[in-house]
There are 2 protein chains.
Amino acid sequence: MTILLYDLVGRDEKLPYSPHCWKAKMALAHKGLAFETLPTRFLDIAQVENGLSKTVPVIRDGDRAVADSFAIALHLEGAYPDRPTLFGGEGGKAMARFVERWTQITMHPFITTAIVFDIFQMQDERNVPYFRSSREARLGKRLEDVSAARDAGLGAFRASLEPLRSTLSYQPYLGGHSPLFADYIVFGALQWARVSSPYSLLDHDDPIDEWFRRCLGLFGGLGAGVPAAA
Amino acid sequence: MTILLYDLVGRDEKLPYSPHCWKAKMALAHKGLAFETLPTRFLDIAQVENGLSKTVPVIRDGDRAVADSFAIALHLEGAYPDRPTLFGGEGGKAMARFVERWTQITMHPFITTAIVFDIFQMQDERNVPYFRSSREARLGKRLEDVSAARDAGLGAFRASLEPLRSTLSYQPYLGGHSPLFADYIVFGALQWARVSSPYSLLDHDDPIDEWFRRCLGLFGGLGAGVPAAA
């Protein structure tokens, strides 16, 4: 049965941008499972699967609804053990959590700073007031002022990615010879920025950018199929 | 056959302190393999196994000599597949490399700053000039001046460990329910500091310190058996 993925979008349904939804989408593609996306805006989330979660992604897989990208990956690994593994064993499952926490703590705050105003501008009319008020409360300043800090922080952000960059000098993917869910965790963060904002997070000759472009091409170009923001 | 581990020491053979040797020692214990340590000082390394490596750990396992802690763990995993796994599968093997790069890049530079003068004071007479000149060349200042920066950097160091701290809120070990080589990678860094220096890297109520104390107790207290520097 086709799995449904509630996938965050703004005004344009063809521009899904959520990092966490991208993780889930890449996980579904990795498993080779048939899925359809249901474009979902922030204010629709409360109605998704009877209010299962305050956030997306959420998937509906037969009689199961699952929220949270990591929980979705764990569900898919357990429900479809004969499909390609997302974790490469129990150790990979445990350490993917470390990759997730590292990505969330090291990458997401700066990327938020760099692109939140662009994401604001992607919202439809109904979501504009919600997005502004919720994000300004969280960030403690006007959205117009948040991104002013991005140029000053870019060098430190790039330096903070050195553990990833160094790992990619040993192996082509975080997962080793081929990608695993850990790769999609980091991919989600960079795809979030790519779809939302023209701001360049990485130098083109950065090994991380080379790895990211390889990930964009996976599964018939699933990631590359959504255009970069111009 | 008993495996030999060339284990870095200073003046006192009973105080092995190298982070990388601790990783290898914990890996040997995890596999439940019989091993003996050969206390080795810096200037002895050139003679270890006919100059196999510029660094220790080195192990001699039957007809194989292996250098580098990660390579040693890979060797043990391959040579003793029926013993408890150090990686929990191929994914864990790949992601342990990320944990290693993260530890090396995030933890080792500050720990070096904090304890290098203590390590200098642990050297025997023959190694004192070597240690001072090689480390001062690397660090660009007198050893007496390096540690002056440690108090100013301590807060940022503790904050930089947040991805590890956050992971430990999900699971008791980096390896999940029980420790894997990834845990010993981080353990090695903290044990290096514990054996060498009285300087407190972590708050006692930091979940990372709680995890570290659990690691000290593993394998009959292998880590705890070497006293903390007073």
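The values are calculated or read from the model by the stated rules, or taken from the named source; none is laboratory data. This is a predicted model, so every value here is computed, not measured. Methodologically, a virtual Cβ is constructed for each residue, glycine included, from the backbone with ideal geometry; neighbour enumeration extends over all protein chains shown. The accessibility values were calculated without ligands, DNA or RNA, using every heavy atom of the protein model including side chains. Shrake-Rupley method; radii C 1.70, N 1.55, O 1.52, S 1.80 Å.
Report those helices (runs of 4 or more DSSP H) wholly inside the range A:122-173 carrying at least 3 residues which are of a type in the set (D, E, K, R) and over 15 Å from A:THR103 (Cα atoms).
A:128-139
Before we move on, is A:ALA34 open to solvent by less than 30 Å² (accessible area, probe 1.4 Å), over 19 Å from the mean Cα position of the chain (by Cα) and not acidic (Asp, Glu)?
no
Quickly run through the range B:23-36 and pick out the residues that are touching a strand residue (DSSP E or B) at 6+ places or on another chain (Cβ under 9 Å) and under 19 Å from B:PHE70 (Cβ atoms).
Correct list: B:ALA24, B:LYS25, B:LEU28, B:ALA29, B:LEU33, B:PHE35.
Consider A:ARG97 against the criteria (1) touching a Lys or Arg at 6+ places or on another chain (Cβ under 8 Å); (2) under 18 Å from B:GLY91 (Cα atoms); (3) part of a helix (DSSP H, G or I); (4) open to solvent by 10 Å² or more (accessible area, probe 1.4 Å): it satisfies all of them except one. Which criterion is unmet?
Tallying (1) touching a Lys or Arg at 6+ places or on another chain (Cβ under 8 Å); (2) under 18 Å from B:GLY91 (Cα atoms); (3) part of a helix (DSSP H, G or I); (4) open to solvent by 10 Å² or more (accessible area, probe 1.4 Å), A:ARG97 fails exactly one: (1).
For B:GLU49, state whether it is surrounded by fewer than 19 Cβ atoms within 10 Å (Cβ to Cβ) and closer than 18 Å to B:GLY220 by Cβ.
Here the answer is no, as B:GLU49 does not meet what is asked.
For the range B:187-230, which residues satisfy the criterion of being in contact with a Ser or Thr (Cβ under 7 Å, 6 or more places away or on another chain) and surrounded by 20 or more Cβ atoms within 10 Å (Cβ to Cβ)?
Across the range B:187-230, the qualifying residues are B:ALA189, B:TRP192.
Evaluate the following for B:PRO179: is it assigned to a helix (DSSP H, G or I) and within 11 Å of chain A (Cβ to nearest Cβ)?
No, not satisfied.
Can you say whether B:GLY140 is away from every other protein chain (no Cβ under 14 Å) and at positive phi, as far as the supplied structure shows?
yes
Is one or more of the residues making up the range A:58-77 in contact with an Asp or Glu (Cβ under 8 Å, 6 or more places away or on another chain), touching a residue at least 60 places away in the same chain (Cβ under 8 Å) and open to solvent by 50 Å² or more (accessible area, probe 1.4 Å)?
No, that holds for no residue.
Restricting attention to the range B:101-119, does a residue exist that is touching an Asp or Glu at 6+ places or on another chain (Cβ under 6 Å) and in the same structural domain as B:ALA156 (by TED's automatic domain parsing)?
The answer is yes, given that some residue of the range B:101-119 is touching an Asp or Glu at 6+ places or on another chain (Cβ under 6 Å) and in the same structural domain as B:ALA156 (by TED's automatic domain parsing).
Hey, any hits in the range A:100-122 for a residue that's farther than 21 Å from A:TYR17 by Cβ, without any contact (Cβ under 8 Å) to a residue 60 or more places away in the chain and either in contact with a helix residue (DSSP H, G or I) (Cβ under 9 Å, 6 or more places away or on another chain) or not aliphatic (A, V, I, L, M) (or both)?
yes
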